[in-house]
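These notes are about the structure you will find just below.
The values are calculated or read from the model by the stated rules, or taken from the named source; none is laboratory data. Note that the structure is predicted; figures quoted are calculated from it, not measured. Here the Cβ positions follow ideal geometry from the backbone for every residue, glycine too, while neighbour counts run over all protein chains shown.
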């Protein structure tokens, strides 16, 4: 059995303002034992598993070989949370999806307060946005391959929060547009059944064999069509996208075929028991296994 993940302790950088994006209490801080970073500390919503969901998702991305923000379980004062290390070196900036789509897609509402209810935030418009910003076909294909890896990861972990501020490009200042790179994947708190306030709901779904309906009900932040009332589940979006744009998923599929079901479930067991209950681990493992088998059939 592999050891539990280490727990980092953070100090808050009082000179930095609160992080504005998202709704959770978060701020930039520094490690107590070795000041490197900075790290974005996030408190989970009360009685949720958003902190362990972030860590498990990061480890699954790591096993897939998908570029991702480094995440560690962490504490600030007496609070448990997750900490994500900044992936932006000096001179590099993150341009979020809403900023990119604002110029690329006519009438795109990049600052809509309800960021999960925008049907024009769909896969076709994301591809159009990449085509708008990148000139060469090589750069466009590379960027679309990166987005495809996002969608595969989301399908495996049931991440329902891939809205237009949870993806983007990294840009080196004063460079040509083709030097845009898809940012490492980040912010996976809305995944893996993290929302249950107790184990009772999880156990009921498993006992009644309703995992398939649970996965299907999880509407994601990316729509398929502008006429849709809701975004499809991450698994359904992957199914539609891999069917329509198979070539763009070649890299993601190759990476998926190099990992086993056990590889993807193992990160769950390494969460300390006082951070994630055994029943929550059972549910999350079953969820990953279900999605893994469905993805395997699709490809």
- Message: Taking the conditions exactly as written (in a helix (DSSP H, G or I), surrounded by fewer than 18 Cβ atoms within 10 Å (Cβ to Cβ) and in the same structural domain as residue 127 (by TED's automatic domain parsing)), does residue 209 satisfy them or not?
- Response: no
- Message: All but one of (1) touching a helix residue (DSSP H, G or I) at 6+ places or on another chain (Cβ under 8 Å); (2) not assigned by TED's automatic domain parsing to the domain that holds residue 44 hold for residue 80; state the number of the condition that does not hold.
- Response: (2)
- Among (1) outside any loop (DSSP other than H, G, I, E, B); (2) under 21 Å from the mean Cα position of the chain (by Cα); (3) at pLDDT below 95; (4) buried (at least 17 other Cβ atoms within 10 Å of the Cβ), where does residue 60 come up short? (3)
- Item | Test: residue 228 is free of Cβ contacts under 8 Å to residues at least 24 places away in the same chain, more than 21 Å from residue 61 (Cβ to Cβ) and either in a loop (DSSP other than H, G, I, E, B) or not assigned by TED's automatic domain parsing to the domain that holds residue 52 (or both) | no
- Message: Filter the stretch 1-26 down to the residues that are at pLDDT 90 or above and out of contact with any helix residue (DSSP H, G or I) (no Cβ under 8 Å at 6 or more places or on another chain) and list them by number.
- Response: 4, 6, 7, 8, 9, 10
- Task: Kindly indicate whether residue 185 is surrounded by 14 or more Cβ atoms within 10 Å (Cβ to Cβ) and in contact with a strand residue (DSSP E or B) (Cβ under 7 Å, 6 or more places away or on another chain).
- Result: yes
- Note on the structure: If we ask which residues in the stretch 43-79 are more than 20 Å from residue 154 (Cα to Cα) and in contact with a strand residue (DSSP E or B) (Cβ under 8 Å, 6 or more places away or on another chain), their number turns out to be 5
